[in-house]
Amino acid sequence: MLYDKIKDTDPETYGYIKSELARQQDGLEMIPSENFTSIAVMQASGSILTNKYSEGYPGRRYYGGNEFVDKIETLASERAKKLFKVPYANVQPYSGSPANLAVYFAICKPGDTIMGLDLTNGGHLTHGWKTSVTGQTFNSIPYHVKKDGMIDLEEVRKLATENKPRMIWVGYTAYPREFPFEEFSRIAEDTGAYLVADISHIAGLVAGGVHKSPVEYVHVVTTTTHKTLRGPRGAMIMVTDKGMKKDNELGKKIDKTIIPGMQGGPHNHQTAAIAVALLEAAQPEFREYANQVVKNAKALAASLMRNGITTVTNGTDTHLILVDLTPFGNGLGIFAEEALGAAGITVNKNTIPGEPSSPFYPSGIRLGTPALTTRGMKEPEMETIGMLLAEVLKQVKNEKLPENKEEIQRYMESFRTEIKGNQKVKEANAKVLEISRRFPLYNEIESK
Ligand SMILES: *Cc1c(COP(=O)(O)O)cnc(C)c1O
(Lines give C-alpha, C1' and ligand atoms only; values in the text may rest on other atoms or scores of the structure.)
Protein backbone atom coordinates (compact mmCIF):
# COMPACT_ATOMS: atom_id res chain seq x y z
CA MET A 1 0.00 0.00 0.00
CA LEU A 2 1.10 3.54 -0.80
CA TYR A 3 1.10 4.48 2.90
CA ASP A 4 3.92 2.14 3.89
CA LYS A 5 5.82 4.79 5.87
CA ILE A 6 2.80 5.46 8.07
CA LYS A 7 2.64 1.72 8.66
CA ASP A 8 6.26 1.69 9.86
CA THR A 9 5.97 4.76 12.07
CA ASP A 10 2.45 4.53 13.42
CA PRO A 11 0.67 1.22 12.88
CA GLU A 12 -2.38 2.40 14.79
CA THR A 13 -3.11 5.40 12.54
CA TYR A 14 -2.20 3.27 9.53
CA GLY A 15 -4.76 0.68 10.54
CA TYR A 16 -7.52 3.25 10.67
CA ILE A 17 -6.55 4.76 7.30
CA LYS A 18 -6.60 1.28 5.81
CA SER A 19 -10.05 0.59 7.24
CA GLU A 20 -11.31 3.92 5.94
CA LEU A 21 -9.93 3.13 2.48
CA ALA A 22 -11.86 -0.16 2.52
CA ARG A 23 -14.99 1.68 3.67
CA GLN A 24 -14.70 4.14 0.78
CA GLN A 25 -14.07 1.33 -1.70
CA ASP A 26 -16.76 -1.09 -0.59
CA GLY A 27 -19.68 1.28 0.01
CA LEU A 28 -21.77 3.73 -1.95
CA GLU A 29 -20.82 7.26 -0.94
CA MET A 30 -23.96 9.33 -1.40
CA ILE A 31 -23.35 12.35 0.82
CA PRO A 32 -23.75 15.18 -1.70
CA SER A 33 -20.87 17.26 -0.29
CA GLU A 34 -18.35 14.45 -0.69
CA ASN A 35 -16.24 13.30 -3.60
CA PHE A 36 -13.11 11.33 -4.48
CA THR A 37 -10.12 13.41 -5.56
CA SER A 38 -7.57 12.22 -8.08
CA ILE A 39 -4.31 10.72 -6.89
CA ALA A 40 -2.60 13.81 -8.37
CA VAL A 41 -4.60 16.07 -6.05
CA MET A 42 -3.76 13.85 -3.07
CA GLN A 43 -0.06 13.82 -3.95
CA ALA A 44 -0.02 17.63 -3.99
CA SER A 45 -1.82 17.83 -0.67
CA GLY A 46 0.50 15.19 0.80
CA SER A 47 3.59 16.99 -0.48
CA ILE A 48 6.60 18.75 1.12
CA LEU A 49 4.73 22.04 0.77
CA THR A 50 3.29 21.35 4.22
CA ASN A 51 6.72 22.34 5.59
CA LYS A 52 6.64 25.98 4.54
CA TYR A 53 5.48 29.20 6.21
CA SER A 54 4.30 31.91 3.82
CA GLU A 55 2.25 34.51 5.70
CA GLY A 56 1.33 37.22 3.23
CA TYR A 57 0.72 37.04 -0.52
CA PRO A 58 2.93 36.27 -3.56
CA GLY A 59 5.68 38.88 -3.75
CA ARG A 60 4.94 40.23 -0.26
CA ARG A 61 5.59 37.61 2.40
CA TYR A 62 6.70 37.80 6.02
CA TYR A 63 9.04 34.82 5.47
CA GLY A 64 11.94 34.11 3.14
CA GLY A 65 12.26 31.18 0.76
CA ASN A 66 8.89 31.60 -0.89
CA GLU A 67 9.92 31.87 -4.54
CA PHE A 68 8.25 28.57 -5.46
CA VAL A 69 5.31 28.89 -3.13
CA ASP A 70 4.64 32.28 -4.77
CA LYS A 71 4.50 30.56 -8.15
CA ILE A 72 2.12 27.90 -6.83
CA GLU A 73 -0.28 30.34 -5.20
CA THR A 74 -0.27 32.60 -8.28
CA LEU A 75 -0.96 29.58 -10.48
CA ALA A 76 -3.91 28.47 -8.34
CA SER A 77 -5.36 31.96 -8.24
CA GLU A 78 -4.91 32.52 -12.02
CA ARG A 79 -6.56 29.18 -12.75
CA ALA A 80 -9.50 30.06 -10.50
CA LYS A 81 -9.92 33.42 -12.26
CA LYS A 82 -9.84 31.80 -15.68
CA LEU A 83 -12.17 28.93 -14.83
CA PHE A 84 -14.82 31.05 -13.13
CA LYS A 85 -14.22 34.20 -15.25
CA VAL A 86 -13.56 36.60 -12.38
CA PRO A 87 -10.93 39.35 -11.95
CA TYR A 88 -9.91 38.38 -8.40
CA ALA A 89 -9.47 35.15 -6.45
CA ASN A 90 -8.05 34.45 -2.99
CA VAL A 91 -7.15 30.76 -2.56
CA GLN A 92 -5.93 30.91 1.04
CA PRO A 93 -9.05 30.27 3.17
CA TYR A 94 -8.53 27.11 5.23
CA SER A 95 -12.03 25.90 4.45
CA GLY A 96 -15.52 27.07 3.49
CA SER A 97 -16.55 28.40 6.89
CA PRO A 98 -13.50 30.66 7.37
CA ALA A 99 -13.92 31.87 3.77
CA ASN A 100 -17.45 32.97 4.55
CA LEU A 101 -16.35 34.60 7.80
CA ALA A 102 -13.74 36.59 5.89
CA VAL A 103 -16.41 37.88 3.53
CA TYR A 104 -18.51 39.06 6.48
CA PHE A 105 -15.62 40.96 8.02
CA ALA A 106 -14.53 42.45 4.69
CA ILE A 107 -18.01 43.83 4.00
CA CYS A 108 -19.89 44.19 7.32
CA LYS A 109 -19.36 45.51 10.81
CA PRO A 110 -20.58 43.54 13.84
CA GLY A 111 -24.27 44.22 14.33
CA ASP A 112 -24.98 44.80 10.63
CA THR A 113 -28.04 43.11 9.19
CA ILE A 114 -27.48 40.10 6.94
CA MET A 115 -29.81 37.60 5.24
CA GLY A 116 -29.37 33.94 4.41
CA LEU A 117 -31.55 30.86 3.96
CA ASP A 118 -32.62 29.36 7.30
CA LEU A 119 -30.49 26.33 8.21
CA THR A 120 -33.44 23.98 8.59
CA ASN A 121 -34.63 25.05 5.12
CA GLY A 122 -31.33 24.15 3.43
CA GLY A 123 -29.04 27.07 4.30
CA HIS A 124 -25.56 26.78 5.81
CA LEU A 125 -24.59 27.40 9.45
CA THR A 126 -22.38 30.31 8.37
CA HIS A 127 -25.26 32.10 6.70
CA GLY A 128 -26.42 33.48 10.04
CA TRP A 129 -27.70 30.46 12.00
CA LYS A 130 -28.19 31.23 15.71
CA THR A 131 -25.56 28.83 17.06
CA SER A 132 -22.92 30.03 14.56
CA VAL A 133 -20.76 33.07 15.38
CA THR A 134 -22.23 34.58 12.21
CA GLY A 135 -25.70 34.61 13.77
CA GLN A 136 -24.31 35.92 17.05
CA THR A 137 -22.16 38.68 15.55
CA PHE A 138 -24.55 39.96 12.93
CA ASN A 139 -28.25 40.74 12.94
CA SER A 140 -29.43 37.70 11.02
CA ILE A 141 -32.78 37.77 9.21
CA PRO A 142 -33.34 34.32 7.73
CA TYR A 143 -35.44 33.68 4.64
CA HIS A 144 -37.21 30.40 3.88
CA VAL A 145 -38.48 28.01 1.25
CA LYS A 146 -42.16 27.69 0.40
CA LYS A 147 -44.23 24.57 1.12
CA ASP A 148 -43.27 23.26 -2.31
CA GLY A 149 -39.58 23.46 -1.41
CA MET A 150 -38.69 26.38 -3.71
CA ILE A 151 -37.02 29.56 -2.34
CA ASP A 152 -39.72 32.03 -1.29
CA LEU A 153 -38.57 34.96 -3.42
CA GLU A 154 -41.50 37.10 -2.35
CA GLU A 155 -40.47 36.72 1.27
CA VAL A 156 -36.84 37.52 0.34
CA ARG A 157 -37.94 40.75 -1.36
CA LYS A 158 -40.22 41.71 1.51
CA LEU A 159 -37.58 41.04 4.21
CA ALA A 160 -34.86 42.81 2.22
CA THR A 161 -37.05 45.87 1.63
CA GLU A 162 -38.02 46.07 5.31
CA ASN A 163 -34.63 45.32 6.85
CA LYS A 164 -32.18 46.80 4.32
CA PRO A 165 -29.49 44.14 4.91
CA ARG A 166 -25.86 45.01 4.28
CA MET A 167 -25.33 41.59 2.72
CA ILE A 168 -27.40 38.70 1.34
CA TRP A 169 -26.27 35.09 0.85
CA VAL A 170 -27.51 33.09 -2.11
CA GLY A 171 -26.20 29.53 -1.93
CA TYR A 172 -27.33 26.40 -0.14
CA THR A 173 -26.35 23.01 1.27
CA ALA A 174 -29.63 21.15 0.85
CA TYR A 175 -31.49 22.67 -2.07
CA PRO A 176 -32.19 20.44 -5.07
CA ARG A 177 -33.07 23.12 -7.61
CA GLU A 178 -31.11 25.70 -9.61
CA PHE A 179 -29.97 28.58 -7.35
CA PRO A 180 -31.93 31.76 -8.30
CA PHE A 181 -28.96 34.14 -8.74
CA GLU A 182 -30.71 36.40 -11.22
CA GLU A 183 -33.81 36.92 -9.07
CA PHE A 184 -31.62 37.72 -6.05
CA SER A 185 -29.56 40.23 -8.04
CA ARG A 186 -32.68 42.31 -8.70
CA ILE A 187 -33.58 42.27 -5.00
CA ALA A 188 -30.01 43.17 -3.99
CA GLU A 189 -29.89 46.01 -6.51
CA ASP A 190 -33.23 47.42 -5.38
CA THR A 191 -32.20 47.34 -1.71
CA GLY A 192 -28.50 48.23 -2.04
CA ALA A 193 -27.22 44.98 -0.47
CA TYR A 194 -24.00 43.19 -1.26
CA LEU A 195 -24.91 39.88 -2.84
CA VAL A 196 -22.67 36.91 -2.10
CA ALA A 197 -23.07 33.55 -3.84
CA ASP A 198 -21.85 30.56 -1.83
CA ILE A 199 -21.43 27.89 -4.51
CA SER A 200 -19.68 25.33 -2.26
CA HIS A 201 -22.04 22.57 -3.31
CA ILE A 202 -22.32 23.36 -7.00
CA ALA A 203 -18.88 24.79 -7.92
CA GLY A 204 -18.09 21.74 -10.05
CA LEU A 205 -21.42 22.05 -11.84
CA VAL A 206 -20.76 25.74 -12.54
CA ALA A 207 -17.21 24.99 -13.74
CA GLY A 208 -18.56 22.17 -15.89
CA GLY A 209 -21.22 24.42 -17.44
CA VAL A 210 -24.27 22.52 -16.15
CA HIS A 211 -25.44 25.10 -13.60
CA LYS A 212 -25.84 28.81 -14.26
CA SER A 213 -22.81 30.80 -13.08
CA PRO A 214 -23.47 33.46 -10.43
CA VAL A 215 -20.62 35.65 -11.70
CA GLU A 216 -22.72 38.01 -13.78
CA TYR A 217 -25.20 38.58 -10.92
CA VAL A 218 -23.35 38.80 -7.61
CA HIS A 219 -20.54 40.83 -6.05
CA VAL A 220 -18.64 38.02 -4.34
CA VAL A 221 -18.48 34.24 -4.81
CA THR A 222 -17.26 31.83 -2.14
CA THR A 223 -16.76 28.12 -2.60
CA THR A 224 -15.23 25.10 -0.99
CA THR A 225 -12.91 23.16 -3.27
CA HIS A 226 -13.67 19.65 -2.00
CA LYS A 227 -17.28 19.05 -3.04
CA THR A 228 -18.40 18.82 -6.68
CA LEU A 229 -15.21 20.65 -7.70
CA ARG A 230 -13.33 17.48 -6.64
CA GLY A 231 -10.29 19.16 -5.12
CA PRO A 232 -8.68 19.00 -1.67
CA ARG A 233 -10.42 20.36 1.44
CA GLY A 234 -10.09 24.12 1.06
CA ALA A 235 -11.90 27.18 -0.20
CA MET A 236 -11.68 30.26 -2.40
CA ILE A 237 -13.16 33.74 -2.37
CA MET A 238 -13.70 35.45 -5.72
CA VAL A 239 -14.77 39.00 -6.52
CA THR A 240 -16.68 39.63 -9.75
CA ASP A 241 -16.48 42.64 -12.07
CA LYS A 242 -19.78 43.69 -10.58
CA GLY A 243 -18.26 43.51 -7.10
CA MET A 244 -15.23 45.53 -8.19
CA LYS A 245 -17.58 48.15 -9.61
CA LYS A 246 -19.46 48.38 -6.32
CA ASP A 247 -16.20 48.73 -4.37
CA ASN A 248 -12.89 48.63 -6.22
CA GLU A 249 -11.12 47.94 -2.90
CA LEU A 250 -13.15 44.79 -2.27
CA GLY A 251 -10.38 42.39 -3.30
CA LYS A 252 -7.87 44.19 -1.11
CA LYS A 253 -10.28 44.19 1.81
CA ILE A 254 -10.77 40.43 1.48
CA ASP A 255 -7.01 39.83 1.28
CA LYS A 256 -6.51 41.85 4.46
CA THR A 257 -9.33 40.11 6.28
CA ILE A 258 -7.79 36.71 5.54
CA ILE A 259 -4.32 37.80 6.71
CA PRO A 260 -3.68 39.57 9.07
CA GLY A 261 -7.38 39.59 9.99
CA MET A 262 -8.17 35.91 10.49
CA GLN A 263 -5.47 33.50 9.44
CA GLY A 264 -1.74 33.01 9.72
CA GLY A 265 0.27 30.97 7.26
CA PRO A 266 -1.59 29.58 4.25
CA HIS A 267 -1.69 25.81 3.82
CA ASN A 268 0.58 25.62 0.80
CA HIS A 269 0.07 21.90 0.24
CA GLN A 270 -3.63 22.62 -0.02
CA THR A 271 -3.01 25.54 -2.39
CA ALA A 272 -0.97 23.27 -4.68
CA ALA A 273 -3.72 20.65 -4.61
CA ILE A 274 -6.28 23.35 -5.47
CA ALA A 275 -4.09 24.34 -8.45
CA VAL A 276 -4.08 20.71 -9.65
CA ALA A 277 -7.83 20.33 -9.13
CA LEU A 278 -8.52 23.55 -11.06
CA LEU A 279 -6.43 22.31 -13.97
CA GLU A 280 -8.43 19.07 -13.94
CA ALA A 281 -11.71 20.98 -13.74
CA ALA A 282 -10.78 22.97 -16.85
CA GLN A 283 -10.53 19.82 -19.02
CA PRO A 284 -13.27 18.64 -21.40
CA GLU A 285 -13.53 15.41 -19.37
CA PHE A 286 -14.63 17.42 -16.35
CA ARG A 287 -17.49 18.95 -18.33
CA GLU A 288 -18.58 15.41 -19.15
CA TYR A 289 -18.25 14.49 -15.49
CA ALA A 290 -20.40 17.44 -14.32
CA ASN A 291 -23.00 16.66 -16.96
CA GLN A 292 -23.13 13.01 -15.85
CA VAL A 293 -23.44 14.03 -12.17
CA VAL A 294 -26.69 15.86 -12.97
CA LYS A 295 -27.95 13.13 -15.34
CA ASN A 296 -27.31 10.58 -12.60
CA ALA A 297 -29.12 12.66 -9.97
CA LYS A 298 -32.14 13.00 -12.24
CA ALA A 299 -32.12 9.26 -12.99
CA LEU A 300 -31.80 8.44 -9.29
CA ALA A 301 -34.66 10.77 -8.33
CA ALA A 302 -36.85 9.22 -11.01
CA SER A 303 -36.04 5.71 -9.81
CA LEU A 304 -36.75 6.62 -6.18
CA MET A 305 -40.10 8.16 -7.08
CA ARG A 306 -41.06 5.18 -9.24
CA ASN A 307 -40.33 3.00 -6.22
CA GLY A 308 -42.61 4.93 -3.91
CA ILE A 309 -40.22 7.44 -2.32
CA THR A 310 -41.16 11.13 -2.06
CA THR A 311 -38.56 13.76 -2.99
CA VAL A 312 -38.77 17.46 -2.14
CA THR A 313 -39.71 19.42 -5.31
CA ASN A 314 -40.25 16.06 -7.08
CA GLY A 315 -36.78 15.72 -8.46
CA THR A 316 -33.64 17.78 -8.93
CA ASP A 317 -31.76 20.20 -11.21
CA THR A 318 -28.42 19.52 -9.57
CA HIS A 319 -26.35 16.77 -7.94
CA LEU A 320 -28.57 16.65 -4.86
CA ILE A 321 -31.83 14.98 -3.85
CA LEU A 322 -33.78 15.65 -0.68
CA VAL A 323 -35.89 12.67 0.35
CA ASP A 324 -39.02 13.44 2.35
CA LEU A 325 -39.74 10.55 4.73
CA THR A 326 -42.91 12.01 6.27
CA PRO A 327 -45.17 9.64 4.29
CA PHE A 328 -43.51 6.93 6.47
CA GLY A 329 -43.61 9.01 9.67
CA ASN A 330 -41.97 12.04 11.31
CA GLY A 331 -38.36 12.18 12.51
CA LEU A 332 -37.29 9.05 10.61
CA GLY A 333 -34.08 10.54 9.14
CA ILE A 334 -31.86 9.01 11.80
CA PHE A 335 -33.36 5.54 11.23
CA ALA A 336 -32.90 5.90 7.48
CA GLU A 337 -29.28 6.97 7.91
CA GLU A 338 -28.57 3.96 10.15
CA ALA A 339 -30.41 1.45 7.97
CA LEU A 340 -28.71 2.63 4.79
CA GLY A 341 -25.38 2.65 6.62
CA ALA A 342 -25.94 -1.02 7.51
CA ALA A 343 -26.49 -1.67 3.81
CA GLY A 344 -23.20 0.09 2.94
CA ILE A 345 -24.81 3.26 1.63
CA THR A 346 -23.60 6.47 3.27
CA VAL A 347 -26.09 9.35 3.39
CA ASN A 348 -26.96 12.03 5.90
CA LYS A 349 -30.17 12.84 7.68
CA ASN A 350 -31.54 16.26 6.89
CA THR A 351 -34.45 18.56 7.66
CA ILE A 352 -37.15 19.04 5.07
CA PRO A 353 -39.24 22.16 4.32
CA GLY A 354 -41.77 22.66 7.12
CA GLU A 355 -39.87 20.13 9.27
CA PRO A 356 -42.41 18.53 11.64
CA SER A 357 -39.70 17.02 13.91
CA SER A 358 -36.38 18.73 14.83
CA PRO A 359 -32.98 19.53 13.24
CA PHE A 360 -31.32 16.72 15.24
CA TYR A 361 -34.09 14.23 14.51
CA PRO A 362 -35.17 15.43 11.07
CA SER A 363 -37.62 13.83 8.68
CA GLY A 364 -35.51 13.61 5.56
CA ILE A 365 -32.24 12.43 4.09
CA ARG A 366 -29.95 14.14 1.63
CA LEU A 367 -28.48 12.22 -1.29
CA GLY A 368 -26.01 13.13 -3.99
CA THR A 369 -24.29 11.65 -7.02
CA PRO A 370 -20.86 13.41 -7.24
CA ALA A 371 -18.85 10.58 -5.65
CA LEU A 372 -20.64 7.72 -7.43
CA THR A 373 -20.20 9.53 -10.75
CA THR A 374 -16.46 9.89 -10.10
CA ARG A 375 -16.37 6.09 -9.82
CA GLY A 376 -17.85 5.87 -13.32
CA MET A 377 -21.43 4.93 -12.50
CA LYS A 378 -24.16 5.94 -14.92
CA GLU A 379 -27.96 5.83 -15.30
CA PRO A 380 -28.35 2.01 -15.17
CA GLU A 381 -26.59 1.91 -11.79
CA MET A 382 -28.74 4.83 -10.56
CA GLU A 383 -31.83 2.86 -11.50
CA THR A 384 -30.65 -0.09 -9.38
CA ILE A 385 -29.44 2.08 -6.50
CA GLY A 386 -32.80 3.88 -6.43
CA MET A 387 -34.49 0.49 -5.99
CA LEU A 388 -32.07 -0.54 -3.22
CA LEU A 389 -32.58 2.76 -1.40
CA ALA A 390 -36.35 2.43 -1.62
CA GLU A 391 -36.24 -1.14 -0.33
CA VAL A 392 -34.10 -0.22 2.69
CA LEU A 393 -36.09 2.95 3.43
CA LYS A 394 -39.27 0.92 3.57
CA GLN A 395 -37.73 -1.13 6.42
CA VAL A 396 -37.90 1.89 8.77
CA LYS A 397 -41.53 2.61 8.02
CA ASN A 398 -42.85 1.49 11.39
CA GLU A 399 -40.17 3.08 13.53
CA LYS A 400 -41.03 5.80 16.01
CA LEU A 401 -38.67 7.95 18.01
CA PRO A 402 -39.33 7.71 21.80
CA GLU A 403 -40.69 10.94 23.29
CA ASN A 404 -38.25 10.77 26.19
CA LYS A 405 -34.73 12.02 25.29
CA GLU A 406 -32.94 9.49 27.56
CA GLU A 407 -34.75 6.64 25.91
CA ILE A 408 -33.73 7.67 22.40
CA GLN A 409 -30.13 6.51 22.80
CA ARG A 410 -31.12 3.09 24.15
CA TYR A 411 -33.75 2.72 21.47
CA MET A 412 -31.30 3.60 18.70
CA GLU A 413 -28.79 1.07 20.00
CA SER A 414 -31.25 -1.77 19.79
CA PHE A 415 -32.44 -0.52 16.40
CA ARG A 416 -28.85 -0.56 15.14
CA THR A 417 -28.40 -4.22 16.10
CA GLU A 418 -31.76 -5.22 14.78
CA ILE A 419 -31.40 -3.49 11.40
CA LYS A 420 -28.05 -5.21 10.75
CA GLY A 421 -29.85 -8.54 10.93
CA ASN A 422 -32.71 -7.43 8.68
CA GLN A 423 -32.89 -9.73 5.64
CA LYS A 424 -33.70 -6.95 3.13
CA VAL A 425 -30.84 -4.84 4.45
CA LYS A 426 -28.46 -7.79 4.14
CA GLU A 427 -29.55 -8.39 0.57
CA ALA A 428 -29.11 -4.70 -0.26
CA ASN A 429 -25.61 -4.80 1.25
CA ALA A 430 -24.64 -7.73 -0.98
CA LYS A 431 -25.82 -5.77 -4.04
CA VAL A 432 -23.93 -2.68 -2.84
CA LEU A 433 -20.72 -4.69 -2.61
CA GLU A 434 -21.27 -6.15 -6.06
CA ILE A 435 -21.81 -2.67 -7.61
CA SER A 436 -18.85 -1.17 -5.72
CA ARG A 437 -16.49 -3.89 -6.92
CA ARG A 438 -17.54 -3.26 -10.53
CA PHE A 439 -16.41 0.38 -10.17
CA PRO A 440 -13.03 0.12 -8.46
CA LEU A 441 -11.63 3.04 -6.52
CA TYR A 442 -8.00 3.81 -5.69
CA ASN A 443 -6.60 0.42 -6.72
CA GLU A 444 -3.33 2.25 -7.37
CA ILE A 445 -3.06 3.04 -3.65
CA GLU A 446 -3.42 -0.58 -2.65
CA SER A 447 -1.13 -2.02 -5.29
CA LYS A 448 1.85 0.18 -4.39
C1 LIG B 1 -19.85 22.96 2.87
C2 LIG B 1 -20.35 24.33 2.89
C3 LIG B 1 -19.69 25.35 3.62
C4 LIG B 1 -18.60 25.09 4.63
O5 LIG B 1 -17.49 24.47 4.26
P6 LIG B 1 -16.51 23.79 5.34
O7 LIG B 1 -15.31 23.52 4.50
O8 LIG B 1 -17.20 22.59 5.85
O9 LIG B 1 -16.24 24.80 6.41
C10 LIG B 1 -20.17 26.63 3.50
N11 LIG B 1 -21.24 26.91 2.74
C12 LIG B 1 -21.92 25.96 2.06
C13 LIG B 1 -23.08 26.35 1.22
C14 LIG B 1 -21.49 24.65 2.11
O15 LIG B 1 -22.17 23.71 1.45
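Check Thr311: other-chain or 5+ apart residues with amide H under 5 Å from its amide H, H built from backbone geometry?
Close amide H contacts, sequence-distant or interchain: Asp324.
When 1/r is averaged over all different Cα pairs and the result inverted, which Kirkwood radius in Å belongs to the chain?
The answer is 22.9 Å.
Starting from 0 in steps of 10 Å, tell me what percent of the Cα-Cα pairs of region 1-126 lands in each bin.
9, 24, 30, 28, 9, 0
Put +1 on the Cβ of every Lys and Arg and -1 on every Asp and Glu Cβ in the chain; which of Asn330, Phe181, Val293 then has its Cα farthest towards the positive end of the dipole?
So the residue furthest toward the plus end is Phe181.
What number does region 295-438 give for Rg over Rh if you use C-alpha atoms and the Kirkwood radius?
My calculation of the ratio gives 0.96.
Considering the chain as a Gaussian network with a 10 Å cut-off on Cα pairs, which listed residue, Val312, Val133, Val69, attains the greatest mean-square fluctuation?
Val133
If you find the alpha carbon centre of region 1-33 and of region 407-448, how far apart are they in angstrom?
16
Would you please give the residues with an amide H less than 5 Å from that of Thr113, counting only those at least 5 places away or on a separate chain, with H modeled from the backbone geometry?
Here Asn139, Arg166 satisfy the definition.
Along region 38-49, what does the Karplus equation 6.51 cos²θ - 1.76 cosθ + 1.60 (θ = phi - 60°) give for ³J(HN,Hα), rounded to whole Hz, x for Gly and Pro?
6, 5, 4, 4, 5, 5, 5, 6, x, 8, 5, 5
According to the Kirkwood expression over distinct Cα-Cα pairs, how big is the hydrodynamic radius of region 44-281, in Å?
Its Kirkwood hydrodynamic radius stands at 17.8 Å.
Just from its helices, what would the mean residue ellipticity at 222 nm be for the chain, if runs of 4 or more DSSP H residues each count -39500 (n - 2.57) and the sum is divided by every residue, rounded to the nearest 500 deg cm²/dmol?
-14000 deg cm²/dmol
Looking at His124, Gln25, Ile72, which one has the Cα that reaches farthest to the positive end of the dipole of the chain (charges on Cβ: Lys, Arg +1; Asp, Glu -1)?
Checked the options; the winner is Ile72.
Carbon and sulfur together cover what percent of the accessible area of region 44-281 at a 1.4 Å probe radius?
Accessible surface attributable to carbon and sulfur in region 44-281 totals 52 percent.
Need the full-extension length gain, Arg306 to Thr13, defined as separation in residues times 0.36 nm minus the C-alpha distance. One decimal, nm.
Between Arg306 and Thr13, full extension yields an extra 101.1 nm.
With no solvent and one point per C-alpha, what does the Debye sum give as log10 I(q)/I(0) for region 284-364 at q = 0.19 Å⁻¹?
Values, matching the q order: -0.85.
Taking each full run of DSSP H in the chain as one helix, which ones are at least 18 Å long along their axis (Cα atoms) and have mean Kyte-Doolittle hydropathy of at least 0.5?
The qualifying helices are 268-281.
If you rank Arg79, Arg438 by how much accessible surface each has, with a 1.4 Å probe, what is the order from largest down?
Final ranking, largest accessible area leading: Arg438, Arg79.
Could you give the radius of gyration (one decimal) and Dmax (whole number) of the Cα atoms in region 213-262, in Å?
12.2, 32
Rg and Dmax in Å for region 381-448, alpha carbons only: what are they?
16.6, 52
Among Lys52/Lys227; Lys253/Lys295; Lys82/Lys158; Lys18/Lys212; Lys212/Lys245; Lys82/Lys253, which pairs are too far apart, with a Cα-Cα distance over 29 Å?
The answer is Lys253/Lys295; Lys82/Lys158; Lys18/Lys212.
Mind checking the log10 I(q)/I(0) for region 322-393 at q = 0.14, 0.26 Å⁻¹? Debye, one equal scatterer per Cα, no solvent, two decimals.
-0.43, -1.15
Over the chain, what is the relative contact order in percent, taking alpha-carbon pairs closer than 8 angstrom and at least six residues apart?
It rounds to 21 percent for the chain.
In terms of modelled amide H atoms, which long-range or inter-chain residues lie less than 5 Å from the amide H of Tyr194?
Residues meeting the criterion, in which the H sits 1.01 Å from N, are Met167, Ile168.
Please report how far the C-alpha centroid of region 227-270 lies from that of region 368-388, rounded to the nearest whole angstrom.
If we compute the Cα centre of each part, the gap is 34 Å.
Given an 8 Å cut-off on Cα distances and at least 6 residues of separation, report the relative contact order of region 295-438 as a percent.
Relative contact order here is 29 percent.
The values are calculated or read from the model by the stated rules, or taken from the named source; none is laboratory data. For clarity, every value in this text was computed on a predicted model and none was experimentally measured. In this analysis, Cβ positions are derived from the backbone assuming ideal geometry, glycine residues included, and neighbour counts consider all displayed protein chains. The area values use the complete protein model at the heavy-atom level, side chains included, leaving out ligands, DNA and RNA. Shrake-Rupley method; radii C 1.70, N 1.55, O 1.52, S 1.80 Å.
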